[in-house]
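The values are calculated or read from the model by the stated rules, or taken from the named source; none is laboratory data. Remember, it's a predicted structure, so these values are computed and weren't measured experimentally. With ideal geometry, Cβ positions are generated from the backbone for all residues, glycine too; neighbour counts draw on all protein chains shown. In case anyone asks, the SASA skips ligands and DNA or RNA and just uses the protein heavy atoms, side chains included. Shrake-Rupley method; radii C 1.70, N 1.55, O 1.52, S 1.80 Å.
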Amino acid sequence: MHKAGLLGHCARARKSVRMASSGMTRRDPLTNKVALVTASTDGIGFAVAQRLAQDGAHVVVSSRKQQNVDQAVATLQGEGLSMTGTVCHVGKVKDWERLVATAMKLHGVIDILSLSITNSKRGLFWFTLLQTVEEAWDRTLDINGKAPALMIKAVVPEMEKRGGGSVGFLASVAAFRPLPGFSPYNVSKTALLGLNKTLAIELAPRNIRVNCLAPGLIKTSFSRMLWMDKEKEESMKETLRIRRLGEPEDSVGILSFLCSEDASYITGETVVVGGGTPSRL
(Lines give C-alpha, C1' and ligand atoms only; values in the text may rest on other atoms or scores of the structure.)
Protein backbone atom coordinates (compact mmCIF):
# COMPACT_ATOMS: atom_id res chain seq x y z
CA MET A 1 0.00 0.00 0.00
CA HIS A 2 1.15 3.55 -0.77
CA LYS A 3 2.60 5.07 2.46
CA ALA A 4 0.11 7.95 2.38
CA GLY A 5 -2.68 5.44 1.85
CA LEU A 6 -1.65 3.43 4.90
CA LEU A 7 -1.47 6.54 7.08
CA GLY A 8 -4.85 7.72 5.82
CA HIS A 9 -6.42 4.31 6.49
CA CYS A 10 -5.08 4.34 10.06
CA ALA A 11 -6.33 7.89 10.65
CA ARG A 12 -9.83 6.99 9.45
CA ALA A 13 -9.87 3.88 11.61
CA ARG A 14 -8.92 5.85 14.73
CA LYS A 15 -11.55 8.47 13.97
CA SER A 16 -14.26 5.83 13.43
CA VAL A 17 -13.43 4.18 16.77
CA ARG A 18 -13.58 7.52 18.60
CA MET A 19 -16.88 8.49 17.03
CA ALA A 20 -18.47 5.07 17.56
CA SER A 21 -17.47 5.06 21.22
CA SER A 22 -18.95 8.52 21.73
CA GLY A 23 -22.17 7.82 19.83
CA MET A 24 -21.35 10.50 17.25
CA THR A 25 -22.37 10.33 13.60
CA ARG A 26 -19.67 11.29 11.14
CA ARG A 27 -20.43 14.39 9.10
CA ASP A 28 -18.39 14.56 5.91
CA PRO A 29 -17.91 18.28 5.21
CA LEU A 30 -17.40 17.78 1.46
CA THR A 31 -20.14 15.26 0.75
CA ASN A 32 -21.05 15.21 -2.95
CA LYS A 33 -18.59 17.98 -3.80
CA VAL A 34 -16.47 17.45 -6.91
CA ALA A 35 -12.78 18.35 -6.62
CA LEU A 36 -10.00 18.64 -9.18
CA VAL A 37 -6.50 18.23 -7.74
CA THR A 38 -3.41 18.86 -9.86
CA ALA A 39 -0.02 17.19 -9.32
CA SER A 40 -1.83 14.73 -7.08
CA THR A 41 -0.15 11.36 -7.55
CA ASP A 42 2.63 11.88 -5.01
CA GLY A 43 3.61 13.93 -1.99
CA ILE A 44 1.34 16.68 -0.70
CA GLY A 45 -0.88 16.63 -3.79
CA PHE A 46 -1.65 12.94 -3.26
CA ALA A 47 -2.42 13.59 0.41
CA VAL A 48 -4.73 16.46 -0.59
CA ALA A 49 -6.67 14.22 -2.97
CA GLN A 50 -6.90 11.52 -0.34
CA ARG A 51 -8.14 13.87 2.38
CA LEU A 52 -10.74 15.60 0.19
CA ALA A 53 -12.12 12.18 -0.74
CA GLN A 54 -12.07 11.04 2.89
CA ASP A 55 -14.13 14.12 3.68
CA GLY A 56 -16.75 13.11 1.13
CA ALA A 57 -15.66 14.63 -2.19
CA HIS A 58 -15.55 12.94 -5.57
CA VAL A 59 -11.96 13.64 -6.64
CA VAL A 60 -10.31 13.79 -10.04
CA VAL A 61 -6.55 13.39 -9.65
CA SER A 62 -4.03 14.37 -12.30
CA SER A 63 -0.37 14.16 -13.12
CA ARG A 64 1.94 14.35 -16.11
CA LYS A 65 2.32 10.57 -16.50
CA GLN A 66 -0.49 8.09 -17.08
CA GLN A 67 1.19 5.36 -15.04
CA ASN A 68 1.32 7.65 -12.00
CA VAL A 69 -2.34 8.56 -12.43
CA ASP A 70 -3.30 4.89 -12.70
CA GLN A 71 -1.34 3.97 -9.58
CA ALA A 72 -2.80 6.79 -7.48
CA VAL A 73 -6.37 6.05 -8.60
CA ALA A 74 -5.96 2.34 -7.86
CA THR A 75 -4.52 3.03 -4.41
CA LEU A 76 -7.23 5.46 -3.41
CA GLN A 77 -10.08 3.46 -4.89
CA GLY A 78 -8.68 0.54 -2.91
CA GLU A 79 -9.39 2.58 0.22
CA GLY A 80 -13.02 2.89 -0.84
CA LEU A 81 -12.65 6.51 -1.96
CA SER A 82 -14.46 8.10 -4.92
CA MET A 83 -11.57 8.67 -7.28
CA THR A 84 -10.89 9.04 -11.00
CA GLY A 85 -7.96 10.58 -12.83
CA THR A 86 -6.49 11.89 -16.05
CA VAL A 87 -3.16 13.10 -17.37
CA CYS A 88 -2.67 16.85 -16.96
CA HIS A 89 0.48 18.89 -17.51
CA VAL A 90 -0.45 22.26 -15.99
CA GLY A 91 1.70 24.03 -18.56
CA LYS A 92 -0.46 22.77 -21.45
CA VAL A 93 -3.82 24.35 -22.21
CA LYS A 94 -5.25 21.19 -23.85
CA ASP A 95 -4.46 19.25 -20.68
CA TRP A 96 -6.41 21.73 -18.53
CA GLU A 97 -9.32 21.43 -20.93
CA ARG A 98 -9.19 17.63 -20.69
CA LEU A 99 -9.12 17.74 -16.89
CA VAL A 100 -12.16 20.02 -16.76
CA ALA A 101 -13.96 18.00 -19.43
CA THR A 102 -13.28 14.75 -17.54
CA ALA A 103 -14.83 16.13 -14.36
CA MET A 104 -17.85 17.51 -16.19
CA LYS A 105 -18.43 14.28 -18.10
CA LEU A 106 -18.25 12.15 -14.96
CA HIS A 107 -19.92 14.42 -12.43
CA GLY A 108 -21.52 17.36 -14.26
CA VAL A 109 -20.16 19.94 -11.81
CA ILE A 110 -16.94 21.30 -10.31
CA ASP A 111 -16.92 22.64 -6.75
CA ILE A 112 -13.27 22.63 -5.74
CA LEU A 113 -9.97 23.24 -7.50
CA SER A 114 -6.81 22.41 -5.56
CA LEU A 115 -3.67 23.61 -7.31
CA SER A 116 -0.65 21.69 -6.16
CA ILE A 117 2.15 22.76 -8.52
CA THR A 118 5.58 21.10 -8.67
CA ASN A 119 8.29 22.09 -11.11
CA SER A 120 10.03 18.81 -11.85
CA LYS A 121 13.30 20.21 -13.22
CA ARG A 122 14.99 20.68 -9.86
CA GLY A 123 18.30 21.52 -11.47
CA LEU A 124 16.80 24.85 -12.51
CA PHE A 125 16.48 25.91 -8.88
CA TRP A 126 20.09 25.90 -7.81
CA PHE A 127 20.94 29.52 -8.57
CA THR A 128 21.17 32.79 -6.72
CA LEU A 129 19.08 35.55 -8.25
CA LEU A 130 22.11 36.94 -10.04
CA GLN A 131 23.01 33.51 -11.43
CA THR A 132 19.50 32.56 -12.54
CA VAL A 133 19.31 31.90 -16.26
CA GLU A 134 16.39 32.92 -18.43
CA GLU A 135 15.22 29.32 -18.87
CA ALA A 136 14.83 28.94 -15.10
CA TRP A 137 12.75 32.12 -14.84
CA ASP A 138 10.55 31.24 -17.80
CA ARG A 139 9.86 27.66 -16.74
CA THR A 140 9.37 28.30 -13.04
CA LEU A 141 7.15 31.36 -13.39
CA ASP A 142 5.15 29.74 -16.20
CA ILE A 143 4.40 26.62 -14.16
CA ASN A 144 4.12 28.13 -10.68
CA GLY A 145 2.59 31.49 -11.58
CA LYS A 146 0.93 31.81 -14.96
CA ALA A 147 -0.48 28.28 -15.25
CA PRO A 148 -2.52 28.43 -12.01
CA ALA A 149 -4.09 31.75 -13.07
CA LEU A 150 -5.05 30.44 -16.49
CA MET A 151 -6.33 27.13 -15.13
CA ILE A 152 -8.59 28.94 -12.69
CA LYS A 153 -9.91 30.96 -15.62
CA ALA A 154 -10.88 27.68 -17.30
CA VAL A 155 -12.65 26.33 -14.20
CA VAL A 156 -14.53 29.44 -13.06
CA PRO A 157 -17.38 29.14 -15.63
CA GLU A 158 -18.17 25.62 -14.40
CA MET A 159 -18.10 26.73 -10.75
CA GLU A 160 -20.47 29.59 -11.60
CA LYS A 161 -22.98 27.10 -13.02
CA ARG A 162 -22.90 25.41 -9.61
CA GLY A 163 -23.50 28.72 -7.85
CA GLY A 164 -19.96 29.10 -6.52
CA GLY A 165 -16.93 27.13 -5.45
CA SER A 166 -13.59 27.11 -3.73
CA VAL A 167 -9.99 27.32 -4.93
CA GLY A 168 -7.05 26.19 -2.81
CA PHE A 169 -3.50 27.15 -3.75
CA LEU A 170 -0.49 25.24 -2.50
CA ALA A 171 2.29 27.77 -1.98
CA SER A 172 5.22 27.33 0.42
CA VAL A 173 6.75 28.80 3.54
CA ALA A 174 9.55 29.75 1.12
CA ALA A 175 7.31 32.67 0.14
CA PHE A 176 7.95 34.08 3.63
CA ARG A 177 11.34 32.62 4.41
CA PRO A 178 13.28 32.14 1.15
CA LEU A 179 15.35 28.99 0.82
CA PRO A 180 18.99 29.53 -0.21
CA GLY A 181 19.61 28.20 -3.71
CA PHE A 182 15.91 28.14 -4.63
CA SER A 183 15.62 31.73 -5.86
CA PRO A 184 13.20 31.28 -8.81
CA TYR A 185 11.10 28.91 -6.72
CA ASN A 186 10.96 31.37 -3.80
CA VAL A 187 9.83 34.18 -6.08
CA SER A 188 7.21 32.03 -7.81
CA LYS A 189 5.68 30.94 -4.52
CA THR A 190 5.58 34.56 -3.34
CA ALA A 191 3.74 35.39 -6.57
CA LEU A 192 1.08 32.83 -5.60
CA LEU A 193 0.34 34.84 -2.45
CA GLY A 194 -0.41 37.87 -4.62
CA LEU A 195 -2.49 35.78 -7.02
CA ASN A 196 -4.43 34.42 -4.06
CA LYS A 197 -5.26 37.93 -2.78
CA THR A 198 -6.13 39.28 -6.23
CA LEU A 199 -8.39 36.40 -7.22
CA ALA A 200 -10.15 36.44 -3.85
CA ILE A 201 -11.26 39.99 -4.62
CA GLU A 202 -12.17 39.34 -8.24
CA LEU A 203 -14.05 36.09 -7.66
CA ALA A 204 -15.94 37.01 -4.48
CA PRO A 205 -18.89 38.46 -6.47
CA ARG A 206 -19.14 35.07 -8.20
CA ASN A 207 -19.35 33.29 -4.82
CA ILE A 208 -15.95 31.64 -5.36
CA ARG A 209 -13.57 31.68 -2.42
CA VAL A 210 -9.80 31.54 -2.87
CA ASN A 211 -7.36 30.58 -0.12
CA CYS A 212 -3.80 29.41 0.13
CA LEU A 213 -1.84 26.82 2.11
CA ALA A 214 1.87 27.43 2.71
CA PRO A 215 3.51 24.23 3.98
CA GLY A 216 6.91 24.27 5.64
CA LEU A 217 9.43 21.49 5.19
CA ILE A 218 7.36 18.42 4.39
CA LYS A 219 9.04 15.06 3.78
CA THR A 220 8.38 14.37 0.11
CA SER A 221 10.52 13.23 -2.79
CA PHE A 222 10.61 16.85 -3.99
CA SER A 223 12.19 18.13 -0.75
CA ARG A 224 14.45 15.13 -0.26
CA MET A 225 17.62 17.08 -0.99
CA LEU A 226 16.98 19.08 2.20
CA TRP A 227 16.65 16.09 4.57
CA MET A 228 18.14 13.15 2.65
CA ASP A 229 20.56 12.13 5.40
CA LYS A 230 20.25 12.08 9.18
CA GLU A 231 22.62 15.00 9.70
CA LYS A 232 20.64 17.24 7.38
CA GLU A 233 17.36 16.17 8.91
CA GLU A 234 18.55 16.94 12.44
CA SER A 235 19.84 20.31 11.27
CA MET A 236 16.47 21.19 9.77
CA LYS A 237 14.64 20.11 12.92
CA GLU A 238 16.70 22.59 14.94
CA THR A 239 15.17 25.46 12.95
CA LEU A 240 11.61 24.50 13.96
CA ARG A 241 9.66 25.07 17.17
CA ILE A 242 8.09 21.65 16.67
CA ARG A 243 11.16 19.45 16.51
CA ARG A 244 10.18 17.26 13.59
CA LEU A 245 9.72 17.52 9.87
CA GLY A 246 6.22 17.49 8.51
CA GLU A 247 4.49 14.65 6.71
CA PRO A 248 2.09 15.35 3.81
CA GLU A 249 -0.89 14.49 6.03
CA ASP A 250 0.05 17.27 8.48
CA SER A 251 -1.15 20.06 6.21
CA VAL A 252 -4.02 18.71 4.15
CA GLY A 253 -6.71 18.92 6.83
CA ILE A 254 -6.37 22.71 6.74
CA LEU A 255 -6.87 22.76 2.97
CA SER A 256 -9.95 20.54 3.23
CA PHE A 257 -11.36 22.89 5.86
CA LEU A 258 -10.71 25.94 3.68
CA CYS A 259 -12.60 24.26 0.82
CA SER A 260 -15.58 23.37 3.02
CA GLU A 261 -18.67 25.30 4.07
CA ASP A 262 -17.16 25.58 7.54
CA ALA A 263 -14.86 28.20 5.98
CA SER A 264 -17.63 29.99 4.06
CA TYR A 265 -16.58 33.37 5.53
CA ILE A 266 -12.89 32.96 4.75
CA THR A 267 -11.26 34.10 1.51
CA GLY A 268 -7.94 35.60 0.46
CA GLU A 269 -6.09 34.03 3.39
CA THR A 270 -2.83 32.10 3.56
CA VAL A 271 -2.31 29.55 6.33
CA VAL A 272 1.28 28.54 7.12
CA VAL A 273 1.71 24.95 8.29
CA GLY A 274 5.39 25.07 9.04
CA GLY A 275 6.11 23.43 12.36
CA GLY A 276 6.69 26.80 14.00
CA THR A 277 9.04 28.30 11.44
CA PRO A 278 10.66 31.16 13.42
CA SER A 279 10.02 33.91 10.86
CA ARG A 280 6.27 33.33 11.18
CA LEU A 281 6.02 33.53 14.97
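I'd like the accessible area for D229, computed on protein heavy atoms only with a 1.4 Å probe and all protein chains in place. Round to 10 Å², please.
Counting only protein heavy atoms, the figure is 70 Å².
Largest first, what is the accessible-area ranking of R98, R243 with a 1.4 Å probe?
Largest accessible area first, the list is R243, R98.
Write down the accessible area per residue of the stretch 135-212 in Å², having rolled a 1.4 Å probe over the full set of protein chains.
40
Counting only protein heavy atoms and using a 1.4 Å probe, what share of the accessible area of the stretch 141-206 belongs to carbon plus sulfur, as a whole percent?
Percent of accessible area from carbon and sulfur atoms in the stretch 141-206: 61.
Among the listed pairs K94/K146; K92/K189; K197/K237; K105/K219; K65/K219; K33/K237, which have their C-alpha atoms separated by more than 27 angstrom in this model?
Over 27 Å Cα-Cα: K197/K237; K105/K219; K33/K237.
Under 12 Å from the Cβ of H58, count the other residues' Cβ atoms, weight Lys and Arg +1, Asp and Glu -1, and hand me the total.
Residues near H58 contribute -2 overall.
Considering only protein heavy atoms, with the full assembly of protein chains and a 1.4 angstrom probe, order F222, F176 by accessible area, largest first.
Putting F222, F176 in descending order of accessible area: F176, F222.
Sorted by accessible area (1.4 Å probe), largest first, how do Y265, Y185 line up?
From most exposed to least exposed: Y265, Y185.
Leaving out ligands, DNA and RNA but keeping every protein chain, what accessible area does M228 have, in Å² rounded to the nearest 10, with a 1.4 Å probe?
Probe radius 1.4 Å; accessible area of M228 about 100 Å².
What aspartates and glutamates could a cross-link reach from K153, if we take a straight Cα to Cα line under 19 Å and drop same-chain neighbours fewer than 8 places away?
List returned: D95, E97, D111, D142, E202.
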